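What follows draws every value from the coordinates through simple rules; no lab data is involved. All values derive from a computational prediction rather than experimental measurement. We place every Cβ from the backbone using ideal geometry, glycine too, and count neighbours over all the protein chains shown.
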Amino acid sequence: MTPRRAAASRPGPSLGVEDRLVATASELFYREGVRAVGIQRVIEEAGVAKASLYAHFDSKDDLVAACIDQRTAAWRAHVETRLRDSSLDARGKLLAMFDVQVERIRDPEFRGCPLQSLSAEIAAPDHPAKRVMAGHRQWLRDLFTALVTEAGLQPAAEVVGALIVLYDGAAAVALVDGSAAMANHARWAVERLIDVSCQAPPGRHARHVAQKSHRR
């Protein structure tokens, strides 16, 4: 017997047709996967006519791009609101990045990172969602770079890379394990990384100069 599929939450009647389509499709795509959800299902659950969908989106690919754009924009707004807390110093802002990650993973509706899930489903390099995802990833790198610079951590590029690996890895492992434990471990690792990077030893050039001066 085929299991009954759960319906998406019906968007409020105050939403316009385009917003209703994006809200419905975004929930279905995230919960069940882009390939598993057809356009007809989106139309039926959004309660719109097929012609209405194609009046706003040229293809399913364009709808997918709109959905991931909406999700990533909402996440950026959420993160940036948290970081505007005036009580946070640079270290606190870096840790807050992982606090919001832990909170997201603990949400009963968590189904993994939307970008990681979508990347696994779309291979075409010219898919319109690829550009949206690339923009979000650049925002993440730029944000971590700004926070690392503000905190004075060194070596900056390596610290930024390590933070991104911990950030992405927390979401990936949490999905596989079905637990937020690894996200907490990632935050613990970030605290240690910040401490070590604040006490980074002099660079190779500085050590070389110091050794030459000592020999004299």
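Values computed for the structure shown
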quantity	calculated
At least 18 Å along the helix axis (C-alpha) and Kyte average at least 0.5, DSSP helices within the chain	156-177
Exposure proxy ranking, count of Cβ atoms within 10 Å, fewest first, for Cys113, Cys198	Cys198, Cys113
Mean ellipticity per residue at 222 nm, deg cm²/dmol - from DSSP H runs of n ≥ 4 across the chain, formula -39500 (n - 2.57)	-24000 deg cm²/dmol
Ascending count of other beta-carbon atoms within 10 Å, so fewest first, for Thr81, Thr72, Thr149	Thr81, Thr149, Thr72
Fewest-first ranking of Ser59, Ser86, Ser197, using other Cβ atoms within 10 Å as the exposure measure	Ser86, Ser59, Ser197
Among (1) 1.10; (2) 0.96; (3) 1.05, the entry that matches Rg/Rh (Cα atoms, Kirkwood Rh) as calculated here	(1)
The range 67-207, dipole about Cα centre (Lys/Arg Cβ +1, Asp/Glu Cβ -1), debye to the nearest 20	260
